[in-house]
Amino acid sequence: MNVFERNRAVPIAPLVALATCLATCLALAAVPSSSAWAQSAPLDLAGALLQARQNGPLRRLADAREVSGTGRVGEAGQWPNPSVEWRRENLGSSLQPDIFATAYLPLDFTGRRLALRQASGAGRQRVQANAVAERRDAEIEVARAWLQAAATEGALAVASRQVEALTEIAHVDATRLREGLVSESVGLRTQLEADRARVSLVAATGDVARARAQLARVMGLSSDALPMLATLAAPAMPIAPDSSRVRAIALRARPEVRARESALREAQRRYTAERRGLIGDMQLQGGTKQTSGVMTGQIGLAMPLPLFNRNSAARQRARGDYVEAQLLREDLLNQIQGSVSAAWRAYVASRGAAQSASTFDARGREIARIARVAYREGHATLTELLDAERAATDAMNTHLRWAVDAWLARLEFERALGARLDDSSPLDLPLLSTLLTTGS
């Protein structure tokens, strides 16, 4: 048995326990203490999205904007109210009083109000489509926050493992240094690496605290109420539609397209209304009149004369709004073509690399295990061992980054497409299979 094997029998519990305790304390410092945690299941991405749909501030803000937007587009299209007048004249006179009872009914003689009401209907469709798009953007924001928080917690676990491993190596080499089996530089080097790992652990703890605070905010929770997160894992990567079909699917499924189409109809009808607004609303008058004790009827018609105000400014504004709506629609269609194509390429590339990237964590741990065995048996130098530990840590962190990137590639592709890829997606989007079966 070589000396290293023999020295492994020396109790190393104090330093290892100290490192483990430090890692545990720092990890717990990033997580609020709550007795409810032990009773609740870890929060996964689907659970975070469900909670955000119920109480998330971004979702509630989208709902509030939909309500206020619907009210705004309906203001101009409301029918005017009729008015009633009762008037008594000749008060304080010897003459008999004249009593008038008159009703005034506004008439949309030119059809301007009708066009405004049609514009309001298109405006409500625009507001609803924009609200759907805003809710989807809110879910993407929640998904990003959850992925970031889960990735930082995974990085904290990796940093804790590195502290424990390097602390054990530093203790073994310190023992070997006292016995004169290694040089002093070796002992200092391993201790230095262990100290660097502890500093990295502290930084990772801070990252976890900040990421959890951001996740709690977008979910509508306090930091203390946020439960533990589920372990981050790469998503399923189903086959994407052919590149020749994704644009047609996006044009049918994306709410932004429906919003622009509705905005164009709304602007067109408002322009029509303002062109009809050369003459304002007329008023039909009818009622009774009592004079000298004799009851008679009355009828009249009031019409504004377009002498000074011919509604030219409103027509010019509506014409500009209509042209702007046309240009925005054309720009959106071009934007969709580019964004869908880019998201499709990114998703296909991520899916092609999924098989090899999904093994980063396992291969990293295997590298560290082999290096420790080789160093224990005297077949590897300290430099090789430390390089292997760094490579293992990088591989495990790369696995976390890959999982986040793969999720984002899928979520961004689904958002660009306007449809989820299959039922396992946590986003509440229309089924892609429905769009595929109904044709493009």
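The values are calculated or read from the model by the stated rules, or taken from the named source; none is laboratory data. As the structure is a prediction and not an experimental result, all values here were calculated from the model. Note that we place each Cβ from the backbone using ideal geometry, even for glycine, and neighbour counts take in every protein chain shown.
Tell me whether the stretch 60-72 contains one or more residues that are in a loop (DSSP other than H, G, I, E, B) and among the charged types (D, E, K, R). No, because not a single residue in the stretch 60-72 is in a loop (DSSP other than H, G, I, E, B) and among the charged types (D, E, K, R). Looking at the stretch 305-330, I want the residues that are farther than 12 Å from residue 270 by Cα and have a partner that is of a type in the set (A, V, I, L, M, F, W, C) and modelled with pLDDT under 95 with Cβ atoms under 8 Å, at least 6 apart or on another chain. Which pairs are those? Every condition considered, the pairs that remain are 306/278; 306/279; 310/278; 311/278. Exactly one residue out of 368, 325, 318, 353 is surrounded by fewer than 16 Cβ atoms within 10 Å (Cβ to Cβ) and among the small types (Gly, Ala, Ser), and it is 353.
Just one of (1) surrounded by 15 or more Cβ atoms within 10 Å (Cβ to Cβ); (2) among the β-branched types (Val, Ile, Thr); (3) assigned to a strand (DSSP E or B) fails for residue 299. It is (1).
Scanning the stretch 77-133 for residues that are within 16 Å of residue 274 (Cβ to Cβ) and aliphatic (A, V, I, L, M) yields 114, 115, 116, 119, 122. In this structure, is residue 174 of a type in the set (Gly, Ala, Ser), surrounded by fewer than 21 Cβ atoms within 10 Å (Cβ to Cβ) and within 20 Å of residue 372 (Cβ to Cβ)? Yes; evaluated as a whole, the condition is true for this residue.
Note on the stretch 69-88: residues that are loosely packed, with under 12 Cβ neighbours inside 10 Å and at pLDDT below 90 amount to 3.
Note on the stretch 342-396: among residues that are of a type in the set (Asp, Glu) and either outside any helix (DSSP H, G or I) or over 33 Å from the mean Cα position of the chain (by Cα) (or both), the one that is nearest to residue 232 (Cα to Cα) is 366. Residues of the stretch 164-202 being assigned to a helix (DSSP H, G or I), of a type in the set (A, V, I, L, M) and in contact (Cβ under 8 Å) with a residue 24 or more places away in the chain, which ones? Of everything in the stretch 164-202, those that are assigned to a helix (DSSP H, G or I), of a type in the set (A, V, I, L, M) and in contact (Cβ under 8 Å) with a residue 24 or more places away in the chain turn out to be 165, 166, 169, 170, 172, 186, 194, 197, 201, 202. Exactly one residue out of 376, 365 is without any contact (Cβ under 8 Å) to a residue 40 or more places away in the chain and out of contact with any Ser or Thr (no Cβ under 7 Å at 6 or more places or on another chain), and it is 365. Would it be correct to say that residue 217 is among the basic types (Lys, Arg), in a helix (DSSP H, G or I) and loosely packed, with under 14 Cβ neighbours inside 10 Å? No. On the basis of being at pLDDT 85 or above, closer than 30 Å to residue 183 by Cβ and touching a helix residue (DSSP H, G or I) at 6+ places or on another chain (Cβ under 9 Å), does residue 364 make the cut? Considered against the rule, which asks whether it is at pLDDT 85 or above, closer than 30 Å to residue 183 by Cβ and touching a helix residue (DSSP H, G or I) at 6+ places or on another chain (Cβ under 9 Å), residue 364 comes out as yes.
Results for (1) within 26 Å of the chain's Cα centre (by Cα); (2) surrounded by fewer than 22 Cβ atoms within 10 Å (Cβ to Cβ); (3) part of a strand (DSSP E or B), shown as yes or no for each residue.
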residue	(1), (2), (3)
241	yes, yes, no
247	yes, yes, no
258	yes, yes, no
261	yes, yes, no
266	no, no, no
269	no, no, no
272	no, yes, no
285	no, yes, yes
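The set of residues from the stretch 73-116 being in contact (Cβ under 8 Å) with a residue 24 or more places away in the chain and assigned to a strand (DSSP E or B) comprises 85, 98, 99, 100, 101, 102, 103, 104, 105, 106, 107. Between 41, 48, the distinction of being on the phi < 0 side of the Ramachandran plot, touching a Pro at 6+ places or on another chain (Cβ under 9 Å) and modelled with pLDDT of 90 or more belongs to 48 only. Criterion first (touching a Phe, Trp or Tyr at 6+ places or on another chain (Cβ under 9 Å), at pLDDT below 85 and either more than 28 Å from residue 57 (Cβ to Cβ) or of a type in the set (Val, Ile, Thr) (or both)) does residue 182 satisfy it? In short, no.
In the stretch 117-128 there is at least one residue that is under 18 Å from the mean Cα position of the chain (by Cα), at pLDDT 90 or above, under 30 Å from residue 269 (Cα atoms) and surrounded by fewer than 21 Cβ atoms within 10 Å (Cβ to Cβ).
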